[in-house]
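Report on the structure given below.
The values are calculated or read from the model by the stated rules, or taken from the named source; none is laboratory data. Since we're looking at a predicted model, the values are computed, not measured. Every residue, glycine among them, receives a Cβ derived from its backbone with ideal geometry; neighbour counts consider all protein chains shown.
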Amino acid sequence: MSIHIFWPDEQDLRQRGFDRVAHVPCFFDGEWQYLRDPSTYVIERALLDWTPTAKGKRGANRMPTKLSLQAYAESLSNFLEWAELRGVDWKNANYAQHLLGGYQKEMSQGSWSTKGKGLAPSTINARVQEACNFLSWAALRGIREEFMVPTTTHYVQVRSATDSHGHRGQQVESRVGKVRLDPKTLRLPTDVETKKWLQAVLIKRGATKALMVELIIKTAVRREEAAAWRLDTLPERIEDWHVIGEQVEATIKFGTKGQDFGEDHGDKIGPARIIWMPLELANRVHEYRRGPRFAARAKWAKAAPTKAEQRARAAKPSPHLFISESTGERITAKTLYEAWTGVGNLPFDGWSPHAGRHYWACKTLLTLSKKRADLIAAKVDKLPIDWITSNALSDIQQVIKPQLGHIDMATTERYLQWVARIYASGETQLQYAEYLDDLEYKNAEVRTDHG
């Protein structure tokens, strides 16, 4: 059995008077029969008529974004498909036997996985939690018997990246049987690894996607933010640029995380955030906007079979900066992800646009550490580690966090551990740091050789 997630035509539903649910997906079975219960569940999640923490009462949380609704729907459809194929009636399923002993166990072992390998703990936990949410909702609505999820309570030390009051205890409740997350050690690519990978992106996916990749690793924007980058995100007149040193300011609000302020040309309008980009990158983005993008757009319009369609294409609004050379349409976040991960020569498994954000953060921390050492005329590898990490924490608060948009304490700790490991390991690691600093020049060589 397959479960189909169907996204309706929003404009059509709004014209019919269904504004509140026009953005919400629904479910159909393999014969395209409407699945009322899971569809109603997602609607209630979308409208905050039910939230997992509200115990059936109208929640006070923020409205979930489209990406959140997609995550709910994909996790739930996966569980429903498993239940159908395993002959489990979800209306009678219980936590211990079916959720833990069946669904979670099969994902862990790889028997419920397209590749036949155990899934990541974070994926397993998200899917099982969404199944529990759905079954709890169904019990509250009288669709099934009560569904009990055993939980355990413990205290954790919590501190934000900007908290100056030390660690604070917080009571946390989690379900029994949750898969323990694997400890993560931050890894970044070396100069040689990055050069090979950038060459592959440039040669196999083209100059436009290669420029988008550079935008991520040099500004730490998310792939959704890169795909939603507009013609005027960077002011169209150089005279209007706000330049400080070798950095240029830009304000992004399309595709950003956080509160949802509506939609524009297929992009979520989120909270605005100021970022800084290297001047050399800003100049190349500007040149792309004036040259290759204009040529690609004109070529696409001219390729239409009739004069009328050519005029229609030329008149069609196109606010996005990055467009496909072949189709003239915007390059989506999904296409960008495929260009990043699908060309081969990846530095290592797990090198993704999100890892590119970590790359920018750590490279920036290294640069700031070296500048600070230069000011006091000291060799950075001879400075006390606690001095380096305490200053790095300040850099995270003042520089890294505003650029990334948010940063939790766990990520902060990973950055600090990475910086400490670099400098504690001596000359070999410092040479590695220099590789990262040289990346801009290596990228220039790649563009010269293959551009």
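Residues in region 233-258 that are closer than 20 Å to residue 322 by Cβ and small (Gly, Ala, Ser): 250, 255.
Please work out which residue is nearest to the chain's Cα centre (by Cα), limiting yourself to region 403-416 and to residues that are loosely packed, with under 15 Cβ neighbours inside 10 Å and in a helix (DSSP H, G or I).
Let us first name the residues in region 403-416 that are loosely packed, with under 15 Cβ neighbours inside 10 Å, namely 406, 408, 410, 413.
Imposing the further condition that a residue be in a helix (DSSP H, G or I) reduces the set to 410, 413.
Working: 410: 17, 413: 20 Å.
Checking each candidate, the answer is 410.
Does region 196-219 contain any residue that is farther than 15 Å from residue 332 by Cα, aliphatic (A, V, I, L, M) and free of Cβ contacts under 8 Å to residues at least 60 places away in the same chain? Taking every residue of region 196-219 in turn, none turns out to be farther than 15 Å from residue 332 by Cα, aliphatic (A, V, I, L, M) and free of Cβ contacts under 8 Å to residues at least 60 places away in the same chain. Scanning region 11-44 for residues that are loosely packed, with under 14 Cβ neighbours inside 10 Å, touching a strand residue (DSSP E or B) at 6+ places or on another chain (Cβ under 9 Å) and at pLDDT 90 or above turns up 32, 34, 36.
Looking only at region 14-39, which residues are polar (S, T, N, Q) and without any contact (Cβ under 8 Å) to a residue 12 or more places away in the chain?
Let us first name the residues in region 14-39 that are polar (S, T, N, Q), namely 15, 33, 39.
Those that are polar (S, T, N, Q) and without any contact (Cβ under 8 Å) to a residue 12 or more places away in the chain: 15, 33.
Against the condition of a type in the set (Ser, Thr, Tyr) and either in a helix (DSSP H, G or I) or surrounded by 15 or more Cβ atoms within 10 Å (Cβ to Cβ) (or both), how does residue 123 come out, does it pass? The answer is yes for residue 123. A count restricted to region 251-275 and to residues that are surrounded by 21 or more Cβ atoms within 10 Å (Cβ to Cβ) and under 19 Å from residue 235 (Cα atoms) stands at 4. Among the residues of region 284-338, those that are in a loop (DSSP other than H, G, I, E, B), surrounded by 17 or more Cβ atoms within 10 Å (Cβ to Cβ) and of a type outside the set (S, T, N, Q) comprise 321, 322, 325, 328, 331.
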